[in-house]
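The values are calculated or read from the model by the stated rules, or taken from the named source; none is laboratory data. Model, not experiment: these values are computed from the prediction. Methodologically, a virtual Cβ is constructed for each residue, glycine included, from the backbone with ideal geometry; neighbour enumeration extends over all protein chains shown. The accessibility values were calculated without ligands, DNA or RNA, using every heavy atom of the protein model including side chains. Shrake-Rupley method; radii C 1.70, N 1.55, O 1.52, S 1.80 Å.
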Amino acid sequence: MDENKTFSFNFSFASNTGGDTPAGDKTDSQKSDDAHAKGCSTAAALKVGSSDGITLNKGRVETDTAATILEDVRLKSHDLIPRVYEGGFKLWEGAIDLCSYLVQTYKLAKVMTSKQDFPELKGKQVLELGCGHALPGILLLLAGADVHFQDYNKEVLTKLSLPNALSNMQRLPKGRAHPSMRFFAGCWSTIGGFLSSKGLGRQYDVVLTSESIYDLTSQPKLLACIKQTLCHPMGVAYIASKSYYFGVGGGTNTFCQLVKEDGVFQASSVFKVEDTIGGNVREIIKLTYL
């Protein structure tokens, strides 16, 4: 993708209040099934939160399929290719950590079964940067927030992010509100300005991102994008990441130092787990305005 270009599309749910579906029209459930059939080669369920946590539907795009979609055979053996494909078809550990943290923080254990809305999130504006599978954003969408999803590749949005959102939203009890969602493709160096041009500058109450600070050169772009989009002064951003990414130099340590030097946000670690297998630490960094 040309880093100076962006791609966007909107999606609105039909009312979820039951009743007959007009002839020729499709229910949200049917739309979800169609989207997953067209987008994801396989589908599975993922439990997030505690042992009795939430089960989310998620698609899976196999490596051969991803290589075909993006017309690049390198994807058959690489998780990402800088400035070509940023790993959106892969489900990263940080996204699962962030889902679990959001379930706990916003008390979402019954988000799939409750017939009541979640006042703390209903009507809030949420942006997930580098969304990929989009599961953290989908959690807040299920709770009533209006969520905008961004990924570097538009193919990730159309083949995975949107189908995942539809598949989970159609499981909500009848009567629950279906908030809006929008999708944006492009790089962080341009997406913040693009959103600002659409009246979305500093409009987001919550910004989410996972495994997005692995590369030192991308960290300033991400931080600049968050500054352009996060609502002042009460907005909060959550960055799920490893403390250090071997071979590329990024991670929470370098990102927090960048934030400190920039002087706009305060960075605090709100979640930490030792990865005994990988010999690393996974964290969630919370950004608030100073």
Go through region 152-191 residue by residue and tally those that are under 18 Å from TRP92 (Cβ atoms) and either part of a loop (DSSP other than H, G, I, E, B) or open to solvent by 10 Å² or more (accessible area, probe 1.4 Å) (or both).
5
Which listed residue, of LYS110, LYS115, is at pLDDT 90 or above and open to solvent by 50 Å² or more (accessible area, probe 1.4 Å)
LYS110
Going through region 242-252 one residue at a time, which ones are assigned to a strand (DSSP E or B) and either within 19 Å of LEU129 (Cα to Cα) or basic (Lys, Arg) (or both)?
LYS242
Checked region 202-221 for anything open to solvent by 60 Å² or more (accessible area, probe 1.4 Å), of a type outside the set (Lys, Arg) and not in a helix (DSSP H, G or I); matches are GLN203
Can you tell me which residue in region 85-99 is nearest to LYS242 (Cα to Cα), limited to those that are without any contact (Cβ under 8 Å) to a residue 60 or more places away in the chain and part of a loop (DSSP other than H, G, I, E, B)?
LEU91
Report the residue count in region 62-84 for those that are part of a helix (DSSP H, G or I) and either free of Cβ contacts under 8 Å to residues at least 12 places away in the same chain or surrounded by fewer than 12 Cβ atoms within 10 Å (Cβ to Cβ) (or both).
4
Hey, among ALA224, ALA237, which residue is within 24 Å of VAL103 (Cα to Cα) and either open to solvent by 30 Å² or more (accessible area, probe 1.4 Å) or touching a helix residue (DSSP H, G or I) at 6+ places or on another chain (Cβ under 8 Å) (or both)?
ALA237
Could we say that VAL270 is in a strand (DSSP E or B), under 27 Å from VAL84 (Cα atoms) and touching a helix residue (DSSP H, G or I) at 6+ places or on another chain (Cβ under 9 Å) here?
no
Do we have any residue at all in region 107-120 that's touching a Lys or Arg at 6+ places or on another chain (Cβ under 9 Å) and polar (S, T, N, Q)?
yes
Give region 247-290 a look and list any residue that's acidic (Asp, Glu) and open to solvent by 40 Å² or more (accessible area, probe 1.4 Å), or say none.
GLU261, ASP262, GLU274
The condition from (1) of a type outside the set (D, E, K, R); (2) more than 28 Å from ALA224 (Cβ to Cβ); (3) crowded, with 23+ Cβ neighbours inside 10 Å; (4) in contact with a Ser or Thr (Cβ under 6 Å, 6 or more places away or on another chain) that ALA134 misses is numbered (2)
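Being assigned to a strand (DSSP E or B) and buried (at least 17 other Cβ atoms within 10 Å of the Cβ) narrows it down to one of LEU127, LEU102, so name that one.
LEU127
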Which of the residues belonging to region 137-151 are open to solvent by 10 Å² or more (accessible area, probe 1.4 Å) and in a loop (DSSP other than H, G, I, E, B)?
GLY144
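Residues are listed down the side, and each one gets a yes or a no for (1) part of a loop (DSSP other than H, G, I, E, B); (2) free of Cβ contacts under 8 Å to residues at least 60 places away in the same chain:
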position	(1), (2)
GLN228	no, yes
PRO233	yes, yes
ALA240	no, no
THR254	no, yes
GLN257	no, yes
